[in-house]
Amino acid sequence: MVSARTTPSAVAGPAGPGLRERKKLQTRRAIRQAAYRLFEEQGYDATPVDQIAEAAEVSPSTVFRYFPTKEDIVLTDAYHAVLEAGIRARPADEPPVESIRQATVAALGTVAPEDRGELLQHIRLIREVPAIRGRTAEHTARDAAMISAVLAERSGRPADDLELRVVSSAVLAALQEAMLSWAEQGRPGDLDGLAELIHRTMEVLARGLTL
């Protein structure tokens, strides 16, 4: 799924992460920042992992320990956990589309100001790089399974229920289109604009795909 990165505190909860976890988060962030800087300067395909490692001041093996493939530097983030927690926090009797809409918009509020430019670049890379687009399907399937599982808990249906799978997949596809549309507009600081697009997209689903 096209996703938004969040600050570590947004994922760790009120107590915050321990020292070991903070160091891991710092290393992960350093690798990602170095990669995005190099992708912007010389292009994704022209940037090898060993160059990313050198720029982040870590070894190539460390890069692969945090990100199994180069594509995962773009696709692996904290949004999955934030979205899951956000949906779980919504009222159990709330319509699924509304819960996901509210959880997604709330997650945007956790995106640090310094990460907004990277968010735009992240979405553009998904749109423009075939290798990343291919890996996106795997992450989307993971997110769909997570949403189906949470909705199953709320509704009492089995997690593999066809209707739950349709809702989960439709919502993720709609969110991706909203984010791609925002990236095409090219306003990295305008998260309010992205939230507006997400609201419009969810309205289309909520009214039953009528025009």
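The values are calculated or read from the model by the stated rules, or taken from the named source; none is laboratory data. Just so it is clear, the model here is predicted, and its values are computed rather than measured. Cβ atoms come from the backbone with ideal geometry, glycine included; neighbour counts cover every protein chain shown. We work out accessible area using only protein heavy atoms, side chains counted, and drop any ligands, DNA or RNA first. Shrake-Rupley method; radii C 1.70, N 1.55, O 1.52, S 1.80 Å.
For a Förster distance of 45 Å, can you work out the FRET efficiency between the beta-carbons of R65 and R207, rounded to the nearest 0.05? If you can, show how the numbers build up before the last one.
Values: r = 46 Å, r/R0 = 1.02.
Between R65 and R207 the formula returns 0.45.
When the accessible area of the chain is split by element with a 1.4 Å probe, what percent falls to carbon and sulfur?
Details: 5600 of 10490 Å².
The nonpolar share, carbon plus sulfur, comes to 53 percent.
Can you compute the FRET efficiency between R37 and A85 using 1/(1 + (r/R0)^6), with r the Cβ-Cβ distance and R0 = 25 Å? Round to the nearest 0.05. If you can, show how the numbers build up before the last one.
Values: r = 30 Å, r/R0 = 1.20.
E(calc), rounded to 0.05, equals 0.25.
At 222 nm, what helix-only mean residue ellipticity would the chain give, in deg cm²/dmol to the nearest 500, using -39500 (n - 2.57) for each DSSP H run of four or more?
Working: 11 runs with 153 residues, N = 211.
Taken over the chain, the calculation gives -23500 deg cm²/dmol.
Roughly how much of L197 is accessible, in Å² to the nearest 10, using a 1.4 Å probe?
Estimated to the nearest 10 Å², L197 gives 20 Å².
Can you give me the accessible area per residue for the chain, using a 1.4 Å probe, in Å²? Before the final figure, lay out each step's value.
Numbers: 10490 Å² over 211 residues.
About 50 Å² of surface per residue is accessible.
For Y66, Y36, write out the residues from largest to smallest accessible area, computed with a 1.4 angstrom probe and no ligands counted.
If we order Y66, Y36 from most to least accessible, we get Y66, Y36.
Output the DSSP H helices from the chain with an along-axis C-alpha extent of no less than 24 Å and a mean Kyte-Doolittle hydropathy no less than -0.5. Could you put the intermediate results ahead of the total?
Working: long enough: 19-42 (34 Å, -1.40); 130-155 (37 Å, -0.20); 162-185 (35 Å, 0.72).
Correct list, ordered by number: 130-155, 162-185.
So, how do all the Cα-to-Cα distances of the range 93-172 break down into 10 Å bins, in percent, from 0 on up?
Going from the shortest bin to the longest, the percentages are 16, 38, 33, 12, 0.
Cβ neighbours within 10 Å, averaged per peptide: list 163-175, 47-59 in order, most packed at the top. If you can, show how the numbers build up before the last one.
Values: 163-175: 18.6, 47-59: 16.3.
My ranking of the peptides, most packed first, is 163-175, 47-59.
Roughly speaking, what is the stretch gain from H199 to K24, that is 0.36 nm per residue apart minus the C-alpha to C-alpha distance, in nm to one decimal?
Numbers: separation 175, 0.36 × 175 = 63.00 nm, distance 3.43 nm.
So the chain would gain 59.6 nm between H199 and K24.
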